[in-house]
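One structure is given here, and the rest of the page talks about it.
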Ligand code: HEM
């Protein structure tokens with residue numbers, strides 16, 4: 001019988017390696033009910049914990065039965081609603097989701113992603129070069145926290161002159177994003193960043209470019225123009241979707257390579273491994289621990305009856321290590337093939353920024369190969385205390401630069 005754990009407790013995720021817990025759950029109770037302490041005053045009495053790869057994919061594929069409009073993470077499922085429901089892509093379903101998604105997708109075409117990918121490569125090269133030249137430092141603060149945010153600013157069309165301020169505000173606004181409580185400073189930063197994007201949207205309405213904000217302000221959904229509120233919610237979706245997640249996969253990828261020196265040597269010897277290594281890093285790090293849904297009708301998942309209205313949590317952190325879906329799931333194998341990880345979700349809400357995130361990890365791996373012979377962890381590596389986002393908060397590293405002849 002599986003030892004019960006409180007998956008709501010953020011410290012559990014920071015302090016424990018949960019792989020054994022997930023393995024037991026997949027074997028004994030693949031769809032398990034976790035009650036919520038009534039003292040928390042949550043809108044739901046508990047939630048289903050789904051751990052098998054096949055069940056996670058099944059629920060993610062079927063947005064009619066398992067909708068994200070009632071929240072797509074524990075924090076909002078427990079609150080009972082998401083303010084962005086029906087307006088922000090990730091918490092919208094049905095025809096409106098389709099319309100919003102195809103509007104946003106045109107901002108992720110080769111014309112937009114080409115220049116962004118090129119500047120990801122440049123900023124990764126420069127930031128890593130500075131860190132290697134100094135002998136090392138905190139890889140999270142100095143590289144992994146910078147590259148994804150710069151890429152999002154570029155995608156959204158933030159003018160170069162505003163970048164430094166926008167990066168600073170966004171970093172402030174994102175602190176504790178995955179929890180319902182936020183400090184006064186975080187709330188102020190969030191409100192300032194929203195006001196900034198409102199002003200930028202007004203400018204783009206007057207003089208559109210080829211960036212995502214211009215697409216949104218000029219677009220239509222349900223036969224009417226996209227509202228100001230929808231523009232803001234979707235800018236916010238790109239920032240929260242693409243900043244911390246990509247940061248965690250870059251940092252977790254470097255940590256995994258440092259912990260598996262034989263894999264690093266294989267990568268160093270073979271450039272063709274960069275592609276599959278990117279996928280293995282995405283699987284290994286799984287930055288989004290779970291994705292949440294609400295059942296819209298009485299249904300069943302993995303043989304377990306589920307009632308209409310029930311909160312359902314789909315644990316990518318478990319599914320990506322399911323022995324039914326992956327050979328030797330607990331080994332970090334850069335040439336893994338096939339690699340059907342659910343790191344970017346699955347089905348209609350499959351991550352819109354997957355290509356961008358892959359470009360960020362690939363740029364990191366290519367630059368590591370070019371600039372470093374070896375690297376090692378030089379201090380404690382604190383893990384984030386969150387039931388939603390997984391990974392490291394800091395990564396002190398030293399580097400041995402590539403010898404030039
Ligand atoms: C959706 C993970 C990078 C934008 C998702 C979902 C996951 C995910 C699991 C599905 C959520 C759900 O079904 O409820 C990740 C990870 C990333 C990453 C692990 C990095 C390693 C990005 C980037 C962007 C982005 C770089 C954009 C700049 C989005 C958007 C959605 C989404 C807009 C909503 C898609 C929809 O609802 O149709 N992401 N993401 N993500 N992601 Fe990402």
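Data for the structure
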quantity: Contour minus Cα-Cα distance for residue 164 and residue 337 (0.36 nm per residue); calculated: 58.2 nm
quantity: Estimated inter-spin distance, residue 327 and residue 307, nm [label 7 Å along Cα→Cβ]; calculated: 4.5
quantity: Ascending count of other beta-carbon atoms within 10 Å, so fewest first, for 203, 336; calculated: 203, 336
quantity: Rounded if a/c under 1.5, otherwise prolate or oblate - the chain, Cα gyration tensor axes; calculated: oblate
quantity: The chain - mean residue ellipticity at 222 nm from DSSP helices (-39,500 (n - 2.57) per run, n ≥ 4, rounded to 500); calculated: -15000 deg cm²/dmol
quantity: Fewest-first ranking of 105, 194, 397, 174, using other Cβ atoms within 10 Å as the exposure measure; calculated: 105, 194, 174, 397
quantity: Nearest-0.05 FRET efficiency for residue 268 and residue 126, computed from C-beta distance (R0 25 Å); calculated: 0.75
quantity: R0 of 51 Å, Cβ-Cβ distance residue 297-residue 183: FRET efficiency to nearest 0.05; calculated: 0.80
quantity: Order of 79, 87 under a 10 Å beta carbon neighbour criterion, fewest first; calculated: 79, 87
quantity: FRET efficiency estimate (nearest 0.05) - Cβ-Cβ, residue 98 to residue 205, R0 22 angstrom; calculated: 0.35
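Any read-out appearing in this document is the output of simple, stated calculations on the displayed coordinates, not a laboratory observation. Since the structure is predicted, the reported quantities are computational estimates derived from the model, not experimental observations. All Cβ positions, glycine included, derive from the backbone under ideal geometry; neighbour counts span all protein chains shown.
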